[in-house]
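Quick notes on the structure that follows.
The values are calculated or read from the model by the stated rules, or taken from the named source; none is laboratory data. Please read these numbers as outputs of a predicted model, since none were measured by experiment. Cβ: placed from backbone, ideal geometry, glycine included. Neighbour counts: every protein chain shown.
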Amino acid sequence: MSELKNIVNKILENGKGILAADESTGTMTKRFDGVGVPSTPENRLLFRETLFCSSEMKNCIGGVILYDETIKQTSSKKNKIPELIEGMGSCAGIKVDTGAKSLAGSPNEKITEGLDGLRDRLKEYFKLGAKFTKWRGVYNISKDFPSKLSIHSNAHALARYSALVQECNMVPIVEPEVLMDGDHSAKECFNKTSEVIKKCFEELILHKVDLKGVILKPNMILAGNKSKEKISNEEVAKLTMDCLKSSVPSEVPGIAFLSGGQSELEATENLNLINKLNKTGFIMSYSYGRALQQGALKFWSKNIKDIEGTQKVFNHRAKMNTLAAQGKWSKEIESR
Ligand code: 13P
């Protein structure tokens, strides 16, 4: 089991974080459409390879979450993508859920699928070089949601997934994402996120998952994006710390936040403030998708041959987040 702990340490040591580059082809197509680049397998590979070869990968990115298409692709230098990532001193990971579908019994909520045949898929990904995996459960906040049914069934799926992943000697990222969509208050987000996370760990323990070999990927505690309530970044950090302190068992070594629709700057600033408050034993880092890639994608879309320029944008973002993961970021450093 210490093998799993070693993987966690390698991914999150010294302020390193995770690059979530596991967007499904559908999501990636939406992102590319947004900046006017045709979403072909070649272009998706070109953009991703550009990020994976950036110089700050070595200092900042301990793990990269891939999508099925990418883990099987070959780079322009003719090595497999997991090898390329290993060569940059980072670990390759893979999203293994097959997406969130309507939940029977509460059809306006989602249940994440992908358990059938998972054991065999995990063996294949392990052989391809994956060291860790991701599964995302997703929850909406409204007057009635998330329901007990959605909280329970998603926690159950996350636990069964985690047990299978550890059986295959990889580290599961457990991602219960309470969405920021809606007009709910930060307090409601706090309460619902606490309930969701507590249930996840109850199920993980029931399924005999070794909590020392798990990374939790939660949302930060925010007011809904349509809420009139505006809370400061300091309050976000305080609520997030309080929520995690009271709902995550102390054996869990690392927490890596998702960005969830925050701007790049917000996600960095909030992570920095969280780390300034962090007196727990948890490593608090990042596993950002949009908040690591947005600027780089926008830059790249203007000239997809400008690899160096794109890497410069990505390097800066990665560096800022790694400083934030150590509580060492500042506005002054950001704009230097
Ligand atoms: P965002 O940081 O863009 O929310 O993506 C993280 C992720 O992996 C969602 O599953």
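Structure above, values below:
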{"read-out": "Filter result for the condition that a residue is in contact with a Gly (Cβ under 8 Å, 6 or more places away or on another chain), assigned to a loop (DSSP other than H, G, I, E, B), small (G, A, S) and away from the ligand (no atom under 16 Å from the Cβ), over S259, S227", "value": "S227"}
{"read-out": "So E332, is it more than 21 Å from the chain's Cα centre (by Cα) and not hydrophobic (A, V, I, L, M, F, W, C)", "value": "yes"}
{"read-out": "Any hit, the stretch 73-80, residues being over 16 Å from G254 (Cα atoms) and not in a loop (DSSP other than H, G, I, E, B)", "value": "yes"}
{"read-out": "Matching helices (runs of 4 or more DSSP H) fully within the stretch 289-336 where at least 3 residues are touching a strand residue (DSSP E or B) at 6+ places or on another chain (Cβ under 9 Å)", "value": "290-302, 307-324"}
{"read-out": "Matching residues in the stretch 46-84 - criterion: being within 19 Å of I173 (Cα to Cα) and within 16 Å of the ligand (Cβ to nearest atom)", "value": "C60, I61, G62, G63, V64, I65, L66, Y67, D68, T70, I71"}
{"read-out": "Yes/no for I111 being over 16 Å from A20 (Cα atoms) and either part of a loop (DSSP other than H, G, I, E, B) or not acidic (D, E) (or both)", "value": "yes"}
{"read-out": "The listed residue being modelled with pLDDT of 95 or more, surrounded by fewer than 15 Cβ atoms within 10 Å (Cβ to Cβ) and not in a helix (DSSP H, G or I), out of D116, D120, D97", "value": "D116"}
